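The block underneath contains the structure these notes are about, expressed in structure tokens.
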Amino acid sequence: MRDRRRSRRPAALLAAAALAFGTAACGSGSGSARNDDPNTLEVWTRSNPDPAATYERVFAAFTKKTGIKIDYQPVINFDQQLQSRASTKDLPDVMINDTALMGSYQGQGLLKPIDPASIAGHDQITGKTWSSTVGIDGKHYGIPYSRQAQTLMIRKDWLQKLGLKAPTTWQEMLSVAKAFATEDPDGDGKADTYGMVVPGSAQNGYAAWWGASFLWQGGAQIIEPDGKGTYRAAMDSAAAVHTVTWMKDNLFCGDNGVTQPGALTAVTSTATNFQDGNAGMYMTGPYNIATFDTTPGKDKYEVVPAPAGPAGADVLADGENIYFGARTGKTKQEQALAAFLISPEGQKLAMTGKNQPVVRIPVNSTLDAAKVRDDARWSVVQKAYEDASQQFPNAPDFAPIKQDTADALNAIFTYCGGDVRSQLGELNETLAGDLKDQDLLT
């Protein structure tokens with residue numbers, strides 16, 4: 001077998017350093033002078049300036065309400081900086097970052113376990129949402145903060161021009177995509193439009209991130225729990241072979257213009273064809289709504305549920321959790337901040353304002369995203385999350401699993417002459433190796 005996995009040695013060294021932190025910090029209480037102020041919490045988010053401005057507004061409201069100060073650090077190179085801080089035994093008090101990173105952080109000893117009952121308002125978060133914060137050992141290591149699910153964003157003006165309706169099945173989606181590519185929906189008399197946008201690069205696992213919804217709609221899973229705390233690799237199933245073959249044959253191989261040129265080297269920052277006005281569909285997250293309202297324009301597109309495959313219409317859901325760094329001394333202050341962030345007041349502040357929202361679908365079940373924003377399109381996103389979504393498994397370190405899956409899918413879609421069954425069999429062996437590396441293989 002060709003081992004697709006990258007070397008695990010650097011990650012193992014970082015994990016060892018982090019675990020050393022976890023052991024030392026509980027006894028030493030070491031930290032900077034800033035962190036030793038009992039009335040100040042150091043809080044990190046992975047944020048660019050625009051969403052960081054929203055966080056600043058939220059934290060200012062918390063300080064006004066409680067008197068607890070926030071030393072806020074919007075960090076772009078989050079994981080690199082976090083590992084650096086772990087090596088000096090000085091983690092931030094609170095971190096807000098992706099749900100999918102919980103298994104990695106917990107496995108490295110970077111997080112404190114959390115009792116949901118210790119957080120005021122915990123009962124306003126659904127059991128489904130809380131379940132995404134449970135680690136391998138059955139303990140919670142995060143507090144849900146924001147959730148989102150993918151939907152289909154589609155040019156309604158193109159549909160109207162061609163006399164079409166938004167697709168509800170894979171086959172309808174394929175027909176609409178081909179029409180968008182061949183029937184001049186923008187009316188400029190040129191063959192310069194494409195069916196759908198795909199960020200299909202293997203870089204940072206994009207092919208797996210984008211492709212996950214199709215896998216689930218086809219009845220496939222990447223890995224599956226066995227009910228005993230371990231997992232099995234599942235990408236050699238008949239459903240996976242059928243789904244990946246359908247994607248390869250219909251979306252990537254053949255000159256039909258279904259996907260934009262360069263789709264298999266595109267990441268989200270370069271897959272700009274929808275807002276550029278030359279592609280008609282994009283399966284993506286709701287964070288793009290504000291961007292697309294500007295261009296191509298709110299009046300030119302609509303947000304609809306994902307088309308269903310043979311097994312249904314489930315889409316990828318993800319979001320952010322609140323994490324407490326593995327240190328002691330500020331538990332009450334951390335709990336107070338978490339309670340505010342998940343409260344109706346805190347969630348509404350994070351969903352509104354002139355800057356980019358940092359809460360998409362509220363985790364507080366008393367709130368309706370469409371009502372808070374006065375925008376009915378958000379009900380489509382919220383319904384997708386609540387009724388037709390799956391998340392990547394959060395308890396394992398899913399990063400290597402996602403990356404190896406992306407590498408394999410990208411290669412399959414790039415080299416159209418390969419045998420999908422054997423290629424997925426090879427991937428499955430690689431995924432089994434990833435699970436074995438984590439002592440999680442069935």
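The 3J(HN,Hα) values that the Karplus relation (6.51, -1.76, 1.60; θ = phi - 60°) gives for region 166-183 are, in residue order, 4, x, 10, 10, 4, 5, 5, 4, 5, 5, 5, 4, 5, 5, 4, 7, 10, 10 Hz. Gly and Pro appear as x.
Pairs 228/436; 112/402; 161/300; 228/402; 161/190: which are spaced more than 18 Å apart, C-alpha to C-alpha?
Numbers: 228/436 15 Å; 112/402 25 Å; 161/300 12 Å; 228/402 22 Å; 161/190 15 Å.
Beyond 18 Å between Cα atoms: 112/402; 228/402.
Among the trypsin sites (Lys or Arg not before Pro) in region 343-442, those located in a DSSP loop and surrounded by at most 13 other Cβ atoms within 10 Å of their own Cβ are 354. Put simply, when 88-95, 411-418 are sorted by average Cβ atoms within 10 angstrom per residue, most first, you get 88-95, 411-418. Couplings for region 395-406, taken from phi via the Karplus curve 6.51 cos²θ - 1.76 cosθ + 1.60 with θ = phi - 60°, read 6, x, 7, 7, 4, x, 5, 4, 5, 5, 5, 5 Hz in order; Gly and Pro are left as x.
Here the Debye sum runs over all C-alpha atoms of region 222-373 as equal scatterers in vacuum, and log10 of I(q)/I(0) at q = 0.14 Å⁻¹ comes out as -1.04. Along region 356-365 the Karplus relation, 6.51 cos²θ - 1.76 cosθ + 1.60 evaluated at θ = phi - 60°, assigns HN-Hα couplings of 4, x, 10, 10, 8, 9, x, 7, 6, 6 Hz to successive residues, with x for each Gly and Pro.
For region 222-277, with every protein chain kept in place, what is the accessible area per residue (1.4 Å probe, Å²)? Dividing the accessible area of region 222-277 by its residue count gives 42 Å². Of the beta bridges in the chain, as assigned by DSSP with both residues counted there, near 60 percent are antiparallel. The simple spin-label model puts a point 7 Å past each Cα toward its Cβ; for residue 226 and residue 134 those points are separated by 1.9 nm.
Under the classification rounded if a/c is under 1.5, otherwise prolate if a/b is larger than b/c and oblate if not, where does region 337-437 fall, given a ≥ b ≥ c as square roots of the Cα gyration tensor eigenvalues? Prolate shape, in that a/c is at least 1.5 and a/b is the bigger ratio.
Per residue, the average separation of C-alpha pairs within less than 8 Å and at least 6 apart gives region 224-342 a relative contact order of 9 percent. The gain in end-to-end length when the residue 56 to residue 269 segment is fully stretched comes to 74.2 nm, 0.36 nm per residue minus the alpha carbon separation. Sequence-distant contacts, meaning Cα pairs under 8 Å at least 6 residues apart, place the relative contact order of the chain at 27 percent. Each Cα pair under 8 Å and six or more residues apart adds its sequence gap; the mean of these over the residue count of region 219-272 is a relative contact order of 22 percent. Residues whose amide H lies under 5 Å from that of residue 194, counting only those 5 or more places away or on a different chain, are 279, 280; hydrogens are built 1.01 Å from N in the peptide plane. Choose one answer from 374, 123, 404: the residue with the largest mean-square fluctuation in a GNM of the chain with alpha-carbon springs under 10 Å. Of 374, 123, 404, the most mobile in the Gaussian network model is 374. Run down the lysines and flag those whose C-alpha is under 23 Å from the C-alpha of residue 65, throwing out any fewer than 8 positions away in its chain. Answer for residue 65, where 23 Å is the Cα cut-off: 330, 332, 348, 354, listed by chain and number.
Residues whose amide H comes within less than 5 Å of that of residue 284, counting only those at least five positions distant or on another chain, are 151, 153 (H built at 1.01 Å from N in the peptide plane).
Between the beta carbons of residue 436 and residue 80, assuming R0 = 25 Å, the FRET efficiency works out to 0.40 to the nearest 0.05.
Look at where the Cα atoms of region 36-56 and of region 296-356 average out, and the two centres are 16 Å apart. Taking amide H as placed 1.01 Å from N in the peptide plane, residue 93 has its amide H under 5 Å from the amide H of 42, each at least 5 places away in sequence or on another chain. Centroid-to-centroid, using Cα positions, region 387-405 and region 201-269 are 12 Å apart.
Modelled spin-label separation between residue 124 and residue 65, with each label point placed 7 Å from Cα along the Cα-to-Cβ direction: 0.8 nm.
Taking only protein heavy atoms and a 1.4 Å probe, what accessible area per residue, in Å², does region 368-442 have with all protein chains in place?
42 Å²
Please work out the FRET efficiency for the pair residue 191 and residue 387, using the Cβ-Cβ distance as r and a Förster radius of 41 Å; give the result to the nearest 0.05.
0.60
Which of the trypsin sites (Lys or Arg not before Pro) across region 157-216 are loop residues per DSSP, with 13 or fewer other Cβ within 10 Å? Let's see the in-between values first.
Details: sites: 161, 165, 178, 190; in loops: 165, 190.
Hits after loop and neighbour filter: 165, 190.
The values are calculated or read from the model by the stated rules, or taken from the named source; none is laboratory data. Worth saying up front: this structure is predicted, and the values here are computed from it rather than measured. Quick reminder, even Gly has a Cβ in these numbers, built from the backbone with ideal geometry, and neighbours come from all protein chains shown. For accessibility, only protein heavy atoms count, side chains too; no ligands or nucleic acids. Shrake-Rupley method; radii C 1.70, N 1.55, O 1.52, S 1.80 Å.
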